[in-house]
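Below you'll find the structure, written out as structure tokens, and then a few comments.
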Amino acid sequence: MSLSETPAPLERGAGPDDPTAALAEPTRKVTARWVTGLVLVNVGINAAFFGPINVFIGQQAISIDEPSKEAILSLATACGAAVSLVANPLFGALSDRTTSRLGRRSPWVLAGAVLATAALLAMSGATTVALMVLFWSLVQLGANAAYAAITAAVPDRVPVPQRGKVGGLAAMGQTLGILTGAVFGAVVSGNFVVGYWLCAAALMLSVLPYLFHRNDPVLPKGALNRFKLLAFLRGFWISPRLYPDFAWAWLTRFLVNVGNQLTIVYLLFFLRDILKHEDPAAGVLVLTGIYAVMVMITAVVAGPWSDRAGKRKPFVIGSSAIIAMAGMIMAFFPVWPGALAGAAVLGIGFGAYLAVDFALLTQVLPQAVDRGKDMGVINVANSLPQVVAPFLAFMAVTHWGGYRSLFLTAAVIGLLGAVFVVKIKGVR
């Protein structure tokens, strides 16, 4: 199950200067400054992801071949997401074994941000579908390296009673990143080249506060047994039989994220072709703004609420059902007021979901030595929907009845995610 054999038992709650601190279960609360750095990294990574996904890749596809814009968008986003499926658990696993003087996670945050920034700048000049796909895949490679590391830093440093609150603030950072990408899309008025440059700048600047106050304990050389390729590769399989709670948590997160992605993947085209919005990019900004406000409110409320209640599952079930309601609204009210209502409901549900489900996931990790790899495997449930959803969206819009079929599919899949949460037994 692990990347190496289990090391000697560790003292729980070791301080950051203790040689076992990199692997100990945290008990000391993290500072506001550390959390701020964590939030800002999430802002930059999500601006780099969703500015292109929601606006710039679509605009670039139109400039290359407008009649094939849906197919180009689906191809680019699916290929990039396929890269992330491998990159996230791989870099998480590599960070588990990193013995740099900067700590285990920080080197990957820095290297990933540099690669993704360079790829965004290169993508701004892409004039063919092949180059779009190549550079977007490199963006995903770098950004997922950074994301795997920063995600693993939470169970490394944050004690369980504080994880709902920190998860809510991280969700707020993700949402601010999505909103930042939408703002860039509206501000540049269709100039996707400038948009990519803005996303690149936001990503690179966002990681600096965390790197200057990383609180990332160093893993001593020799703390883990010697690297063995077969054991490393075998470690990516986490047995559902041995760890059923982890498996059910992964499945529910995957389903909810598929439903969420289906709701937003063709949002630009939905506004342009169905609602006939006079400025689709501005419409995306308005909807994203409403969504973002609701996510931030519910994330920072639901996360600490679940900490105080000592419960996660009721919050995750309820928020998953609310997310499904957003798809129903978009399906049966395909007008601008319906889109506004759908965005608000989606934000209410997804904010609570992001905060509390993240805390739940950190509580079902198999073992401390593999936190980065295991969180990377969990993050596949965030990335794989970006492969599945564009294909389902393309089929729904072009072959299964159009946008109503698309949004109904999103609602049904989201409801399945709510149902399967009850299978998790080790967390209340």
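The values are calculated or read from the model by the stated rules, or taken from the named source; none is laboratory data. None of these values were measured; they are calculated from a predicted model. All Cβ positions, even for glycine, are placed from backbone atoms using ideal geometry, and neighbour counts span all protein chains on display. In case anyone asks, the SASA skips ligands and DNA or RNA and just uses the protein heavy atoms, side chains included. Shrake-Rupley method; radii C 1.70, N 1.55, O 1.52, S 1.80 Å.
Is it true that residue 265 is open to solvent by less than 30 Å² (accessible area, probe 1.4 Å), aliphatic (A, V, I, L, M) and over 27 Å from residue 364 (Cα atoms)? Considered against the rule, which asks whether it is open to solvent by less than 30 Å² (accessible area, probe 1.4 Å), aliphatic (A, V, I, L, M) and over 27 Å from residue 364 (Cα atoms), residue 265 comes out as yes.
For the stretch 324-343, a residue qualifies if it is surrounded by fewer than 22 Cβ atoms within 10 Å (Cβ to Cβ) and under 18 Å from residue 416 (Cβ atoms), and the qualifying residues are 325, 328, 331.
Evaluate the following for residue 358: is it closer than 25 Å to residue 290 by Cβ, aromatic (Phe, Trp, Tyr) and open to solvent by less than 10 Å² (accessible area, probe 1.4 Å)? No: the conditions fail for residue 358. For the stretch 81-93, the criterion of a residue being free of Cβ contacts under 8 Å to residues at least 40 places away in the same chain and in contact with a helix residue (DSSP H, G or I) (Cβ under 9 Å, 6 or more places away or on another chain) is satisfied by at least one position. Every condition in (1) touching a Gly at 6+ places or on another chain (Cβ under 9 Å); (2) outside any loop (DSSP other than H, G, I, E, B); (3) open to solvent by 10 Å² or more (accessible area, probe 1.4 Å) is met by residue 419 except one, and the failing one is (1). Restricting attention to the stretch 166-190 and to residues that are open to solvent by less than 10 Å² (accessible area, probe 1.4 Å) and not aliphatic (A, V, I, L, M), the residue that is farthest from residue 290 (Cα to Cα) turns out to be 167. Screening 71, 87, 82, 61 for residues that are over 13 Å from residue 135 (Cα atoms), small (Gly, Ala, Ser) and in contact with a Lys or Arg (Cβ under 6 Å, 6 or more places away or on another chain) leaves exactly one candidate, 61.
Of the residues making up the stretch 119-134, those that are in a helix (DSSP H, G or I), in contact (Cβ under 8 Å) with a residue 12 or more places away in the chain and open to solvent by 10 Å² or more (accessible area, probe 1.4 Å) number 4.
The set of residues in the stretch 297-308 being surrounded by fewer than 22 Cβ atoms within 10 Å (Cβ to Cβ) and touching a helix residue (DSSP H, G or I) at 6+ places or on another chain (Cβ under 6 Å) consists of 300, 304.
Here's the yes/no breakdown for (1) touching a Phe, Trp or Tyr at 6+ places or on another chain (Cβ under 9 Å); (2) in contact (Cβ under 8 Å) with a residue 60 or more places away in the chain:
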| residue | (1), (2) |
| --- | --- |
| 252 | yes, yes |
| 255 | yes, yes |
| 271 | yes, yes |
| 278 | no, no |
| 281 | no, yes |
| 284 | no, yes |
| 303 | yes, yes |
| 308 | no, no |
| 315 | yes, no |
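Restricted to the stretch 219-231, and to residues there that are open to solvent by 60 Å² or more (accessible area, probe 1.4 Å) and hydrophobic (A, V, I, L, M, F, W, C), the residue that is nearest to residue 103 (Cα to Cα) is 227. Scanning the stretch 388-399 for residues being buried (at least 21 other Cβ atoms within 10 Å of the Cβ) and within 21 Å of the chain's Cα centre (by Cα) gives a total of 4. For residue 402, the conditions (1) closer than 12 Å to residue 266 by Cβ; (2) of a type in the set (Gly, Ala, Ser); (3) modelled with pLDDT under 90; (4) crowded, with 21+ Cβ neighbours inside 10 Å are fulfilled apart from (4).
Only a single item in (1) touching a residue at least 40 places away in the same chain (Cβ under 8 Å); (2) in a helix (DSSP H, G or I) is not met by residue 102, and it is number (2). Of the residues 152, 146, 182, which single one is closer than 18 Å to residue 114 by Cβ and either in a helix (DSSP H, G or I) or without any contact (Cβ under 8 Å) to a residue 24 or more places away in the chain (or both)? Selected residue: 146, the only one of 152, 146, 182 that is closer than 18 Å to residue 114 by Cβ and either in a helix (DSSP H, G or I) or without any contact (Cβ under 8 Å) to a residue 24 or more places away in the chain (or both).
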